[in-house]
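Just below is one structure, and these are the notes that go with it.
The values are calculated or read from the model by the stated rules, or taken from the named source; none is laboratory data. Source: prediction; values computed, not measured. For neighbour counting, all protein chains shown are included, and Cβ atoms are generated from backbone atoms with ideal geometry for every residue, glycine included. Just the protein is used for accessible areas: all its heavy atoms, side chains included, with ligands, DNA and RNA removed. Shrake-Rupley method; radii C 1.70, N 1.55, O 1.52, S 1.80 Å.
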Amino acid sequence: QALLVESGGGLVQAGDSLRLSCAASGRTFSRYIMGWFRQDPGKEREFVAAIWDGSSTRYSDSVKGRFTISRDNAKNTVYLQMNSLKPEDTALYYCAVGLGGNYYNYRQYDYWGQGTQVTVSS
């Protein structure tokens, strides 16, 4: 059974940085797409970033230029470096792993972590 565990969330001020990590276990995900999503209460889960096994990346327009996704296949881990954080980045952040499909659609992902809270104060 695959298990994803996120860490690195917290309470920061606008303009600060955070680095989220997601460690995967139970199987090797080197050939999977690994992604980050976020969700506010009452809203649908929102795509943030995705990375393929060849290290190609995609970002939502709202985080492009501020966030960087990376992965270490040897450690089965995906990271999200978040710089210049804004109050609107406040959400529960999830990592996810999937085999393909529309990378920006959360329904295309097969495995999910439990989420890590990011709160940005103004």
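Some observations on this one:
- Percent accessible area from carbon and sulfur atoms, the chain, protein chains only, probe 1.4 Å: 44 percent
- Net length gained if the chain between residue 43 and residue 68 were fully extended (0.36 nm per residue, minus Cα distance): 6.6 nm
- Principal axis dimensions, largest first and in whole angstrom, of the chain by Cα: 40, 26, 26
- Extension gain, residue 99-residue 83: 0.36 nm per intervening residue step, less the Cα-Cα distance, totals 2.9 nm.
- Protection proxy ranking, highest mean first, for peptides 100-112, 54-66: 100-112, 54-66, where packing is the per-residue count of other beta-carbon atoms within 10 Å, averaged.
- Residues whose amide H falls under 5 Å from that of residue 16, counting only those 5 or more places apart or on a different chain, are 85, with hydrogens built in the peptide plane.
- Accessible surface, per residue, of the range 79-122 when the full set of protein chains is kept, probe 1.4 Å, Å²: 47 Å²
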